[in-house]
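*Asks:* Submitted below is the structure of interest, expressed as structure tokens.
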Amino acid sequence: MEVLCREYWHANQEGSGPLLAATISPIAPPNYLNRLDAIYGDTNAASISRDISYSLTKTANAAIQYPNPEINSWTEIYSAYWYAIGAILAAEHPTTKPDWTKVYEAWKDVANTVIKGYSGGVLEAWTLPVLYTAGKHLRAFAIKADENARASGGDTSFNAGGLQEDIAGDFGKNEKLEDAARVINRMFTLCISDRAPLEESRKWGLYYTTNLLFKTYFKLNSIGLSKNILRALSASKTDMPTLEAFPRSHIVTFKYYVGVIQFLEEDYAQAEENLTSAWHMCHRSATRNIELILTYLIPTLLLTRQQLPSSRLLSPYPSLGSLFAPLTLAIRIGSLSAFDTALAEGEHEFVKRRIYLTLERGRDICLRNLLRKVYLAGDLDEEGKRNTRIYVKDFAAAIRLGESGASGEGMDVEMDGSAGENNDEVECLVANMIYKNLMKGYISRERGIVVLSKNGAFPGTGI
Amino acid sequence: MSAAADGSGPTAKATTAAADTSTTLKDQQKPAAALEEDDEFEDFPVDDWAPEESEVPPGQEGGTTHLWEESWDDDDTSEDFSKQLKEELAKVKGQK
């Protein structure tokens, strides 16, 4: 116990939250790989609490007054921690079947004793990293426990038949993670309800706990719950430090999740702002996180600014390249068939990342580029001005080519056969383009032509 | 939220289809779980960092313009699709 207690006093002396948090880490540091074994082997269930309280007192530099609420709090926390270590070591033992549910329950006791330390006013704001460590691992153990339960649930009901297995599979799928979400929510409440002056307020823990909740809700697929948190945050905005005053890791994570939530709500202007600033501020060596930010920023900018990622942007991220390059190329050249193929081929990944529906809207941009090409292919008059009257037939031919992906002889037949009907569809597409302000002009139906605006026929594209 | 709700459509369909046999169900679940894991925003190794260690340090936001391109391309007249389009338009013109 003395090792643990010395670490405790050292952290206190330094006034270092991260050092204090390290004392309850469930992962051994690289320079002390058998830390957990050493702590666990040092005492037993019968005398754990007495041992810790005795060691904490003995290793203190100054005389300790009794009763000491701090010693009591940490005795509770370290006792719970000791039990959790026991469960972790058992789970990691190579010959036994790991019981992550047990680990989760044991760690939940750690989290609860930590929460109690704060709500009782014993733990001060500088120790907040302790709360973070408790919450972060609670979530991780919950995910492991649920995976475990799902895997073993599948084993036991294996012979029960398809339908029952399905029901068993759905039931209690994320039981522990849902439970963890409630505990983390209490951590959030602990931070937001603190009325101490800002310098010593737990409000500094707000974005960390918020991010932890976001991650949990996303994993649970209950993204809607994040809105409650955002509402609570904006309600207490006036007595909170500004976002810029927080550590960058908190800010970037927060902006990423808020940006994704806005993206999913199709509030693309706000999403653009948050995702762009997350991208800018992100640590440059956090490649995976940059990749995730860009996964949402790319579809966002496609809609808000009709911009595409350059190959230079994508080249450091091969997986982003394979995700977006085919679609990007199709849009740029205005090939509808290449667009449809790219969208269909990436469908699984796009749906998984919840960007399919947004990317699908890129088809309008692809069509705009195609129609723009028709316009550019038109003749110039004697003053060097481009012809702004374009036959619907011309657009129709371009769209047919764009959709088929090749100029085949078969198309002439189709054109002769159903030209009228086809032109109605094309007029509809053109009207849509005009409505969406991707094209400026009007359709003259009786003459079968589209009259484009003389200045800015395709707004924002330089012509 | 409609995007998320709509997005669940195809996923739900895939699951029902896979439920036909327990083996396909299992096969389908594994990669999905792996992907979700992979999808999570990672913890940064450090809590805070200097502004200049950011991907785009403050003051250099203007330098990102070359990373994004306009969605159209005017210099592609030699590219296959544009060529085909020109031929096609010429053909239509001939029929007028």
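*Asks:* Quick check on my filter: what residues within segment A:335-361 are part of a loop (DSSP other than H, G, I, E, B) and within 19 Å of residue A:305 (Cα to Cα)?
*Replies:* Those that are part of a loop (DSSP other than H, G, I, E, B) and within 19 Å of residue A:305 (Cα to Cα): A:355, A:361.
*Asks:* Now for a separate question. Exactly one condition in (1) polar (S, T, N, Q); (2) open to solvent by 70 Å² or more (accessible area, probe 1.4 Å); (3) without any contact (Cβ under 8 Å) to a residue 24 or more places away in the chain is false for residue A:119; which is it?
*Replies:* Only one criterion in (1) polar (S, T, N, Q); (2) open to solvent by 70 Å² or more (accessible area, probe 1.4 Å); (3) without any contact (Cβ under 8 Å) to a residue 24 or more places away in the chain is unmet by residue A:119, namely (3).
*Asks:* While we're on this one: Could you give every pair whose Cβ atoms fall below 6 Å, whose first residue belongs to segment A:368-387 and is within 11 Å of chain B (Cβ to nearest Cβ) and open to solvent by 30 Å² or more (accessible area, probe 1.4 Å), and whose second residue is in a helix (DSSP H, G or I) and among the hydrophobic types (A, V, I, L, M, F, W, C), counting only separations of at least 6 or pairs across chains?
*Replies:* A:377/B:89
*Asks:* If you don't mind, another one. Name, by its number, the condition in (1) among the aromatic types (Phe, Trp, Tyr); (2) under 25 Å from the mean Cα position of the chain (by Cα); (3) crowded, with 23+ Cβ neighbours inside 10 Å that does not hold for residue A:317.
*Replies:* Result: residue A:317 passes all but (3).
*Asks:* Among the residues of segment A:257-270, is any at positive phi, open to solvent by 40 Å² or more (accessible area, probe 1.4 Å) and part of a loop (DSSP other than H, G, I, E, B)?
*Replies:* Scanning segment A:257-270 turns up at least one residue that is at positive phi, open to solvent by 40 Å² or more (accessible area, probe 1.4 Å) and part of a loop (DSSP other than H, G, I, E, B).
*Asks:* Select, from A:21, A:63, the only residue that is over 21 Å from residue A:135 (Cβ atoms) and out of contact with any strand residue (DSSP E or B) (no Cβ under 6 Å at 6 or more places or on another chain).
*Replies:* Of A:21, A:63, the one residue that is over 21 Å from residue A:135 (Cβ atoms) and out of contact with any strand residue (DSSP E or B) (no Cβ under 6 Å at 6 or more places or on another chain) is A:63.
*Asks:* With (1) farther than 18 Å from residue B:90 by Cα; (2) modelled with pLDDT of 90 or more as the list, and residue A:371 as the residue in question, which single condition is left unmet?
*Replies:* Of everything listed in (1) farther than 18 Å from residue B:90 by Cα; (2) modelled with pLDDT of 90 or more, residue A:371 misses just condition (1).
Let's see how each residue does on (1) over 18 Å from residue A:146 (Cα atoms); (2) out of contact with any Lys or Arg (no Cβ under 7 Å at 6 or more places or on another chain); (3) not charged (D, E, K, R):
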| residue | (1), (2), (3) |
| --- | --- |
| A:60 | yes, yes, yes |
| A:64 | yes, yes, yes |
| A:77 | yes, yes, yes |
| A:81 | yes, yes, yes |
| A:99 | no, yes, no |
| A:103 | no, yes, yes |
| A:116 | yes, yes, no |
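*Asks:* Check every one of the helices (runs of 4 or more DSSP H) wholly within chain B and list those with 3 or more residues that are within 8 Å of chain A (Cβ to nearest Cβ) and modelled with pLDDT of 80 or more.
*Replies:* B:80-95
For every residue, the table says whether it meets (1) of a type in the set (Lys, Arg); (2) within 25 Å of residue A:138 (Cβ to Cβ); (3) open to solvent by 70 Å² or more (accessible area, probe 1.4 Å).
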{"site": "A:40", "(1), (2), (3)": "no, yes, yes"}
{"site": "A:65", "(1), (2), (3)": "no, no, yes"}
{"site": "A:82", "(1), (2), (3)": "no, yes, no"}
{"site": "A:91", "(1), (2), (3)": "no, yes, no"}
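*Asks:* Given A:74, A:107, which one is open to solvent by less than 40 Å² (accessible area, probe 1.4 Å), within 29 Å of residue A:176 (Cα to Cα), of a type outside the set (Ser, Thr, Tyr) and touching a His at 6+ places or on another chain (Cβ under 8 Å)?
*Replies:* A:107
*Asks:* Could you tell me whether residue A:239 is out of contact with any Ser or Thr (no Cβ under 8 Å at 6 or more places or on another chain) and within 11 Å of chain B (Cβ to nearest Cβ)?
*Replies:* no
*Asks:* Of the conditions (1) within 32 Å of the chain's Cα centre (by Cα); (2) of a type in the set (Ser, Thr, Tyr); (3) under 12 Å from residue A:1 (Cα atoms), residue A:79 fails just one. Which one is it?
*Replies:* All conditions pass for residue A:79, except number (1).
*Asks:* Looking only at segment A:242-253, how many residues end up being part of a helix (DSSP H, G or I), open to solvent by less than 50 Å² (accessible area, probe 1.4 Å) and either touching an Asp or Glu at 6+ places or on another chain (Cβ under 6 Å) or facing chain B (nearest Cβ under 10 Å) (or both)? Before the answer, list the steps.
*Replies:* At the first step, the residues of segment A:242-253 found to be part of a helix (DSSP H, G or I) are A:243-245, A:248-253.
Pick out the ones that are also open to solvent by less than 50 Å² (accessible area, probe 1.4 Å) and you get A:243, A:249-253.
Going one step further and asking which of them are either touching an Asp or Glu at 6+ places or on another chain (Cβ under 6 Å) or facing chain B (nearest Cβ under 10 Å) (or both), we end up with A:249-253.
Adding up the residues that qualify gives 5.
*Asks:* Need a quick list: helices (runs of 4 or more DSSP H) entirely within segment A:1-55 having at least 3 residues that are closer than 15 Å to residue A:87 by Cα.
*Replies:* Output list reads A:35-41.
*Asks:* Of all residues in segment A:276-285, which are in contact (Cβ under 8 Å) with a residue 24 or more places away in the chain and either over 20 Å from residue A:216 (Cα atoms) or at the interface with chain B (Cβ under 8 Å from one of its Cβ atoms) (or both)?
*Replies:* Hits for segment A:276-285 are A:281, A:282, A:283.
*Asks:* Among the helices (runs of 4 or more DSSP H) confined wholly to segment A:91-192, which include 2 or more residues that are touching a Phe, Trp or Tyr at 6+ places or on another chain (Cβ under 7 Å) and modelled with pLDDT of 90 or more?
*Replies:* Ranges flagged: A:100-119, A:128-156, A:175-192.
*Asks:* Would you check if there is a residue in segment A:211-225 being more than 24 Å from residue A:284 (Cβ to Cβ), at pLDDT below 95, part of a helix (DSSP H, G or I) and polar (S, T, N, Q)?
*Replies:* no
*Asks:* Does segment A:255-267 include one or more residues that are away from chain B (no Cβ under 11 Å), closer than 29 Å to residue A:173 by Cα and more than 19 Å from the chain's Cα centre (by Cα)?
*Replies:* Within segment A:255-267 (the criterion being away from chain B (no Cβ under 11 Å), closer than 29 Å to residue A:173 by Cα and more than 19 Å from the chain's Cα centre (by Cα)), the answer is no, since none of the residues qualifies.
*Asks:* Follow-up. Do the conditions hold for residue A:394, that is, is it open to solvent by 50 Å² or more (accessible area, probe 1.4 Å), modelled with pLDDT of 85 or more and assigned to a helix (DSSP H, G or I)? Write out each step before concluding.
*Replies:* Values: open to solvent by 50 Å² or more (accessible area, probe 1.4 Å): no; modelled with pLDDT of 85 or more: yes; assigned to a helix (DSSP H, G or I): yes.
Spelling it out, it is not the case that residue A:394 is open to solvent by 50 Å² or more (accessible area, probe 1.4 Å), modelled with pLDDT of 85 or more and assigned to a helix (DSSP H, G or I).
Residue-wise test of (1) touching a Gly at 6+ places or on another chain (Cβ under 8 Å); (2) closer than 21 Å to residue B:71 by Cα; (3) of a type in the set (D, E, K, R).
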{"residue": "A:423", "(1), (2), (3)": "yes, no, no"}
{"residue": "A:435", "(1), (2), (3)": "no, yes, no"}
{"residue": "A:438", "(1), (2), (3)": "no, yes, no"}
{"residue": "A:443", "(1), (2), (3)": "no, no, no"}
{"residue": "A:448", "(1), (2), (3)": "no, no, no"}
{"residue": "A:451", "(1), (2), (3)": "yes, no, no"}
{"residue": "A:455", "(1), (2), (3)": "no, yes, no"}
{"residue": "A:460", "(1), (2), (3)": "no, yes, no"}
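*Asks:* It is to be established whether one or more residues within segment A:297-306 are surrounded by 20 or more Cβ atoms within 10 Å (Cβ to Cβ), touching a residue at least 60 places away in the same chain (Cβ under 8 Å), within 11 Å of chain B (Cβ to nearest Cβ) and not in a helix (DSSP H, G or I).
*Replies:* yes
*Asks:* If you don't mind, there's one more thing I want to ask. Any residue that is open to solvent by less than 30 Å² (accessible area, probe 1.4 Å) and more than 7 Å from chain B (Cβ to nearest Cβ) - is there at least one of those in segment A:344-352?
*Replies:* Checked segment A:344-352: at least one residue is open to solvent by less than 30 Å² (accessible area, probe 1.4 Å) and more than 7 Å from chain B (Cβ to nearest Cβ).
*Asks:* So how many residues does segment A:388-404 have that are touching a residue at least 60 places away in the same chain (Cβ under 8 Å) and at the interface with chain B (Cβ under 9 Å from one of its Cβ atoms)?
*Replies:* Of the residues in that region, 1 qualify.
The values are calculated or read from the model by the stated rules, or taken from the named source; none is laboratory data. Note that the coordinates shown come from a computational prediction; the quantities given were computed from them, not determined experimentally. In this analysis, Cβ positions are derived from the backbone assuming ideal geometry, glycine residues included, and neighbour counts consider all displayed protein chains. Heavy atoms of the whole protein, side chains included, go into the accessibility calculation; ligands, DNA and RNA do not. Shrake-Rupley method; radii C 1.70, N 1.55, O 1.52, S 1.80 Å.
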